[in-house]
Amino acid sequence: MTAAARHSTAPSLDVAGLRAQFPILARAQRGKRLVYLDSAATAQKPQAVIDAVSRFYEESYASIHRGVYELSESATLLYEGAREKVRSFLGAREAREIVFVRNATEAINLVAWSWGQRNVGAGDEVVVTAMEHHANLVPWQMLCEQQGARLRVLPIRDDGTLELGALPALLSTRTRLVAVSHVSNVLGTINPVREISALAHARGVPVLVDGAQAAPRIPVNVLELGCDFYAVSGHKLYGPSGIGALYARAELLESMPPWQGGGSMIESVSFDKTTFAGIPTRFEAGSPNAEGAIGLGAALDWLNAIGMQHVAEHERELLEYGTRLLDAIPGVRIYGRAQAKTGVLAFSIAGVHPHDVGTVLDGEGVAVRAGHHCAQPLMERYGVAALARASLGIYNDREDLDRLAQAVRKTIELFS
Amino acid sequence: MSDLRDLYQTTILDHNKQPRNFRVPAAANREAAGYNPLCGDRVTVHLQLEDGIVKDVGFQGAGCAISTASASLMTQAVKGRSLAEVEKIFDAFHELVTSSPQREIDESGVGKLAVLAGVREYPVRVKCATLAWHTLRAALAGKHEPVRTE
């Protein structure tokens, strides 16, 4: 197989060229070429994003929304420009439906406290699924506990797909929200969000989608999905940490009370009375992570230049390749076998604890995640304390998966 | 794979595969539980403490190779020792696994436990190595809340 054939997947995707844009991937780990297979935890940053943030600091950094001088004006334009990029990336109608937050976790917490406190009362119900990341589970647990509401769980099949057939029965007259991940961070399952939204809306129930894993891997269009809320994390989208976004339908967002109080989110303040700003500013108290937003905008531009369809195809092809490799190793079990699946490969090795797997792989220069992946209920459902997880990014290729498989075999040999 | 060989030495792999004293001693009068929530390592340490001597010791639980081997080696190291001796060994062991990888290993205080020195190159795994030891201490002190290393 030629070097070109080994590295490229779709003819239009030059993975070697893309990888060269990530300075950190030129580094060695434990003396070997770094094989970074933990993008589901966080993605590495291309030079374009690094440059955008640096350039902002060097040329345009100033206060957003407040200053009357040119520098502040241009900084504000850049920040709002980034908001428009997020709007476009997610396919939302209006930029005011995009709230900048710290990450997907904060986006979900915002909805839980601002919208949830008003709309979920004693005796009401919130539906989540058995595969949720703690970010899309714990806020709802906290809300239900506080409001005297009940959490209901949509189960999953052994192959890691949702028991969609069980959803209608879970949608009672007391159901106030369905919260579901678009893509599972452990199983890689792409959930049928459009169908779930349709089912829920037929009963007048809004839907919140945790899109943290989906947005970097597959094209997302919130209008097509039909959901009411959609949360993303910048650092998983090849952008900076500390920035994320919440999409919420304008009608909903307008009805929501402020979450954090402070500067920016107000209209007028006096000791007698304070009025609040319109959307989305109402939900962006204090000085924002402007450089983060701008870096995120650069990351989205970068992804758009590749095309999310190509990103998805690349992942799909590599997932198939990686799955074949691991399936061929006796003692390895892959968790999550959905037909609709993206580049997340959680696996166990018989007789070897995931922590040991992670360490041996580390020694081979292969970076994977080992642990409960912030999904303890999911681990329990499969009867495991922890799993190892390899996850794909735009910079991975077949050679990376070859190295993974080799390292897995070495692990088995060491522990036999 | 020289670093890995330092961590996963034959002794450690052996103790992981066939942990010594993997039982609850019949006359056990002290016990404590330990848990590392980050990776799911669980251990309970059971002691028979009499006249200030660890007459018998055993452990149960499930965890990674490092935590299991460490627990196994620990039981061998402390059986028959006085409380004062156990304390000394604990300190020496803790010192060993948290010291800089460049430092020479002083085997006099730790004996066979020196095989765990390799964990110094893998700081994230130090907690695995020390879990059983912190749990042992809790058992000796008669503590009732589960020990956690995070």
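The values are calculated or read from the model by the stated rules, or taken from the named source; none is laboratory data. None of these values were measured; they are calculated from a predicted model. A quick note on method: Cβ atoms are made from the backbone with ideal geometry, for glycine too, and the neighbour counts reach across all protein chains shown.
Results, tabulated for the structure shown:
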{"quantity": "Residue within the range B:27-44 that is aliphatic (A, V, I, L, M), touching a strand residue (DSSP E or B) at 6+ places or on another chain (Cβ under 7 Å) and within 14 Å of another protein chain (Cβ to nearest Cβ) present", "calculated": "yes"}
{"quantity": "Residues satisfying the stated conditions in the range A:339-348, i.e. of a type outside the set (Gly, Ala, Ser), closer than 22 Å to residue B:63 by Cα and surrounded by fewer than 23 Cβ atoms within 10 Å (Cβ to Cβ)", "calculated": "none"}
{"quantity": "Some residue of the range B:34-46 being surrounded by 17 or more Cβ atoms within 10 Å (Cβ to Cβ), touching a helix residue (DSSP H, G or I) at 6+ places or on another chain (Cβ under 9 Å), of a type in the set (Ser, Thr, Tyr) and at pLDDT 90 or above", "calculated": "yes"}
{"quantity": "Test result for residue A:323, among the polar types (S, T, N, Q) and more than 14 Å from every other protein chain (Cβ to nearest Cβ)", "calculated": "yes"}
{"quantity": "Number of the condition not met by residue A:124 [criteria: (1) over 25 Å from residue A:189 (Cβ atoms); (2) in contact (Cβ under 8 Å) with a residue 12 or more places away in the chain; (3) out of contact with any Ser or Thr (no Cβ under 8 Å at 6 or more places or on another chain)]", "calculated": "(3)"}
{"quantity": "Residue, surrounded by the most Cβ atoms within 10 Å (Cβ to Cβ), within the range A:366-387, restricted to residues that are facing chain B (nearest Cβ under 8 Å), under 22 Å from the mean Cα position of the chain (by Cα) and part of a loop (DSSP other than H, G, I, E, B)", "calculated": "A:386"}
{"quantity": "Those residues of the range A:388-416 which are away from chain B (no Cβ under 12 Å), of a type in the set (A, V, I, L, M) and closer than 16 Å to residue A:363 by Cβ, in sequence order", "calculated": "A:390, A:404, A:405, A:408, A:412"}
{"quantity": "Residue among A:363, A:336 that is farther than 27 Å from residue A:218 by Cβ, of a type in the set (Gly, Ala, Ser), buried (at least 19 other Cβ atoms within 10 Å of the Cβ) and in contact with an Asp or Glu (Cβ under 8 Å, 6 or more places away or on another chain)", "calculated": "A:363"}
{"quantity": "Subset of the range A:327-365 [free of Cβ contacts under 8 Å to residues at least 24 places away in the same chain, within 14 Å of another protein chain (Cβ to nearest Cβ) and among the hydrophobic types (A, V, I, L, M, F, W, C)]", "calculated": "A:350"}
{"quantity": "Filter result (within 14 Å of chain A (Cβ to nearest Cβ), surrounded by 15 or more Cβ atoms within 10 Å (Cβ to Cβ) and either part of a helix (DSSP H, G or I) or free of Cβ contacts under 8 Å to residues at least 24 places away in the same chain (or both)) within the range B:105-129", "calculated": "B:116, B:118, B:119, B:120, B:121, B:125, B:126, B:127, B:128, B:129"}
{"quantity": "All positions within the range B:130-150 that are crowded, with 19+ Cβ neighbours inside 10 Å and either touching a His at 6+ places or on another chain (Cβ under 8 Å) or at positive phi (or both)", "calculated": "B:130, B:133, B:139, B:147, B:149"}
{"quantity": "Checklist (1) out of contact with any Asp or Glu (no Cβ under 8 Å at 6 or more places or on another chain); (2) more than 30 Å from residue A:172 (Cα to Cα) applied to residue A:276, failing item", "calculated": "(1)"}
{"quantity": "Residue list for the range A:320-331, restricted to those being of a type outside the set (D, E, K, R) and either surrounded by fewer than 21 Cβ atoms within 10 Å (Cβ to Cβ) or in a loop (DSSP other than H, G, I, E, B) (or both)", "calculated": "A:321, A:323, A:325, A:326, A:328, A:329, A:330, A:331"}
{"quantity": "Matching entry among A:200, A:179 (being over 21 Å from residue A:99 (Cβ atoms) and more than 12 Å from the chain's Cα centre (by Cα))", "calculated": "A:200"}
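Residue-by-condition table, conditions (1) within 14 Å of chain A (Cβ to nearest Cβ); (2) out of contact with any Cys (no Cβ under 9 Å at 6 or more places or on another chain); (3) surrounded by 15 or more Cβ atoms within 10 Å (Cβ to Cβ):
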position: B:51; (1), (2), (3): no, yes, no
position: B:57; (1), (2), (3): no, yes, yes
position: B:62; (1), (2), (3): yes, yes, no
position: B:80; (1), (2), (3): no, yes, no
position: B:86; (1), (2), (3): no, yes, yes
